[in-house]
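The numbers here are math on the coordinates, done by the rules we state, and not lab data. Owing to the predicted nature of the structure, the values given are computational and were not obtained by experimental measurement. Ideal geometry is used to build each Cβ from the backbone, glycine not excepted, and the neighbour counts take in all protein chains shown.
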Amino acid sequence: MKITADMIVEDALTKYPETLDIFVKQGHCFGLLANPVARKSLAKLVTIGTACKLHFIDMEKLLKELNEAVEPQK
C-alpha cells in the first residue's frame with residue numbers, strides 16, 4: 001500500500017510506525033506527533049495532504065520520503 005495525500009495521518013502511522021520521525025522532522029503541525037497524546041487525537045482528524053496545505057509543507061517531497069521509508073516492506 002502506498003502512502004498518499006488522502007491518507008489519514010493516523011492510518012499511515014498505524015500501518016507504518018517507522019514514518020513517525022519523518023513526519024516529526026517536518027515541524028509545524030507534524031511536530032506535534034512526537035507527543036503520544038497529540039498523536040492519538042490530532043492524527044485522526046486530518047489527511048496528509050490537508051496538513052501539508054495548511055502548513056505550507058511540500059507534499060510531494062514528504063510523500064516521497066514516506067514511501068521511500070516503507071518501500072523495503074513491500
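Hey, got a sec? Which trypsin sites (Lys or Arg not before Pro) in the stretch 1-40 land in a DSSP loop and have at most 13 other Cβ atoms within 10 Å?
In loop regions of the stretch 1-40 (DSSP not H, G, I, E or B), the sparsely surrounded trypsin sites (Lys or Arg not before Pro) are Lys2, Lys25.
About its Cα centre, how strong a charge dipole does the chain have in debye, to the nearest 20, once Lys and Arg get +1 and Asp and Glu get -1 at the Cβ?
The calculation lands at about 180 debye.
Normalized C-alpha radius of gyration of the chain, against 2.2 N^0.38 Å? Intermediate results must be reported in sequence, preceding the final value.
Working: Rg = 10.9 Å, N = 74, 2.2 N^0.38 = 11.3 Å.
Relative to the 2.2 N^0.38 Å estimate, the chain comes out at 0.97.
Sum -39500 (n - 2.57) across every DSSP H segment of at least 4 residues in the chain, then divide by the residue count to get the 222 nm mean residue ellipticity, nearest 500.
Rounded to the nearest 500, the figure is -14000 deg cm²/dmol.
Taking 19 Å as the cut-off for C-alpha to C-alpha distance, list the pairs among Lys44/Lys64; Lys25/Lys53; Lys40/Lys64; Lys15/Lys64; Lys15/Lys53 that go past it.
Over 19 Å apart, Cα to Cα: Lys44/Lys64; Lys40/Lys64; Lys15/Lys53.
Can you give the relative contact order of the chain as a percent, counting alpha carbon pairs under 8 Å and 6+ residues apart?
42
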